[in-house]
Amino acid sequence: MTGDLLLSTSFEHLLCCPHCKGTYLHQYKYEIFDRAEDAREGNHVVVDGSDVTINRSMEGNPSARRDGLKIYFTCEGCEENPTLLITQHKGQTFLQFE
């Protein structure tokens, strides 16, 4: 999926659904991956509603070598469930939808 990730208005920037370009996205789950560079294990925290899970697995980390974040959404406009990935590589931070 390509296209604009953000819709800019005069005061704010809104995330756009990668499927329908709507701006009514609701966050419902978060995954945080924290590790030393290239480490096979680290801290993996999942917050899903009132449930919190913590483990050492890096399985599912959107970053091949460093820290990563996943934010899961539902979209009011098309009922898809896009996931925003935040990764870093060589000092740069990347945003993309999965």
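Here the Karplus relation 6.51 cos²θ - 1.76 cosθ + 1.60, evaluated at θ = phi - 60°, turns the backbone of segment 82-98 into coupling constants of x, 10, 8, 9, 10, 10, 9, 7, 6, x, 10, 10, 10, 10, 7, 8, 9 Hz, with x for every Gly and Pro.
Placing a pseudo-label 7 Å from each Cα along the Cα-to-Cβ vector at Val52 and Glu79 gives an inter-label distance of 3.4 nm. For the chain, what is the Kirkwood estimate of the hydrodynamic radius, computed as the reciprocal of the mean inverse distance between distinct Cα atoms, to one decimal in Å? 14.5 Å is the Kirkwood radius here.
Straight-distance candidates among the lysines for linking to Lys29, with alpha-carbon spacing under 20 Å and chain neighbours fewer than 8 residues away dropped: Lys70.
Of all aspartates and glutamates in the structure, those lying under 18 Å Cα to Cα from Lys90, and not within fewer than 8 positions of it along the same chain, are Asp34, Glu37, Asp38, Asp67.
No value in this document is a laboratory result; all are computed from the given coordinates. Just so we're clear, the structure is a prediction, and the values are computed from it rather than from any experiment. Ideal geometry is used to build each Cβ from the backbone, glycine not excepted, and the neighbour counts take in all protein chains shown.
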